[in-house]
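Have a look at the structure below before the remarks.
Only the coordinates and a few stated rules stand behind these numbers; no lab work does. All values derive from a computational prediction rather than experimental measurement. Positions of Cβ are generated from backbone atoms using ideal geometry, with glycine treated the same way; all protein chains shown enter the neighbour counts.
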Amino acid sequence: MPDEGPRPPRPPHPSQAQGGPRHGAALSGAVALVTGASTGIGRHLVEGLAARGMAVAGLARTEDRLRTAMAEVADATGARTLAVAADVTDRASVEAATAQVVAELGQVDLLVNNAGLIDEFEAPVWEADADQWWEVVSSHIRGAQLTIRALVPWMVLRNRGRVVNIASGMGTRGEPDYSAYSVAKTGLMRLTESLAAALEGSDVRAFDVAPGVVDTPMTRSMHMWQGFTDWTPPERVVEIVAAIAAGELDQWSGRFVRAGKDDLDVLRSTSPQDAARQLRLRPYGGADPLG
């Protein structure tokens, strides 16, 4: 691969489109890549997608834990799995990891950008450690951009693929104590919308999926969730991502859906209009020149 990497081809005109979404049982044999796969939501997604017949590659930084998790999923589901240690914020690492996945499993049909850090301490922006703050932002946005850059060009060439960025309600508002995470998730939502717009006319789509508050080591570490009990079942996250992979929610491309709140049947039957479930400025009144 040249140093600058492949240039993404432009999506074909709808009249030139071939292929099509994978529905239902057709997920069997498809290939998924999940980042942040060794624990938490990523681990649930790996197992849920594997149980539906997908071959699943997992990326994470801690190799031993990742290999253990992927082996456990393979044993439990009988699916083919692959563990690839990689730092999603390192370009060379991502390019090597994705090349290995394609070489061993085949072209990726579903990319799930789940990897990402959280602010080390609950603190306002001016008290946050500058390096750790930026590391959080980079883990979500640079990590997603690098995997998209590595895999989406080939999805476009095949005219088939789905990208899911794991979003958060914190990305829809300012969060005083977790500012880096909030900024990162807001940026990730804008990245999803930009990607979806660039892919218009092809059968490659991009989505924001907010998992809600799933009981994971990360959420347990956050003081704001101490004593919380109304956890979102991880199965709800898996169901939405699987429906996206099967091409059942294509009308939601470039938009935000939320596991545990959104009913899957309602999502399937609803075609959102205008800027529904997208980030926009609200006018201050009828005289607002930006309204």
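By count of other Cβ within 10 Å, fewest leading, how are ARG236, ARG190 ordered?
Ordered by Cβ neighbours within 10 Å, fewest first: ARG190, ARG236.
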* Given the options PRO124, PRO234, PRO153, which has the most mean-square fluctuation in a GNM of the chain, springs set between C-alpha atoms less than 10 angstrom apart? -> PRO124
* To do: With springs connecting C-alpha atoms under 10 Å apart, model the chain as a Gaussian network and identify which of GLN226, GLN278, GLN132 has the largest mean-square fluctuation.
  => GLN226
* **Relative contact order, percent, segment 63-175 [alpha-carbon distance under 8 Å, six or more residues apart]** => 29
* Convert each backbone phi in segment 171-182 into a coupling constant with the Karplus relation 6.51 cos²θ - 1.76 cosθ + 1.60 (shift: θ = phi - 60°), then list the ³J(HN,Hα) values in order as whole Hz, x for Gly and Pro. => x, 9, 7, x, 10, x, 9, 10, 5, 5, 4, 4
* For segment 33-269, what are the per-bin percents of Cα-Cα distances with bins 10 Å wide, up to the bin holding the maximum? -> 8, 34, 40, 17, 2
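In Å, the Kirkwood hydrodynamic radius of segment 48-143 over pairs of distinct alpha carbons? Please list the in-between numbers first.
Details: mean 1/r = 0.0673 Å⁻¹.
Computed over Cα pairs of segment 48-143, the Kirkwood hydrodynamic radius comes out at 14.9 Å.
Given R₀ = 22 Å, what would the calculated FRET efficiency be for VAL125 paired with ARG190, taking r from the Cβ atoms and rounding to 0.05?
Working: r = 20 Å, r/R0 = 0.89.
Efficiency, rounded to the nearest 0.05: 0.65.
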* To do: Kindly write out, for segment 236-242 in residue order, the coupling ³J(HN,Hα) from the Karplus curve 6.51 cos²θ - 1.76 cosθ + 1.60 (θ = phi - 60°), rounded to whole Hz, with x marking Gly and Pro.
  => 5, 5, 4, 4, 5, 5, 5
* Structure fact -> Counted neighbours (other Cβ, 10 Å), sorted fewest up, put THR35, THR81 in the order THR81, THR35
* Asked: Considering only the other residues whose Cβ falls under 9 Å of the Cβ of VAL136, what net charge follows from Lys and Arg at +1 and Asp and Glu at -1?
  -> -3
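Arrange the following residues from fewest to most other Cβ atoms within 10 Å of their Cβ: PHE228, PHE256.
Numbers: PHE228 12, PHE256 24.
The order, fewest Cβ neighbours first, is PHE228, PHE256.
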* GNM, the chain, Cα, under 10 Å: largest mean-square fluctuation among GLU193, GLU175, GLU47? -> GLU175
* **ASP265 versus GLN107: modelled label distance in nm, points set 7 Å from Cα along the beta carbon direction** => 3.6
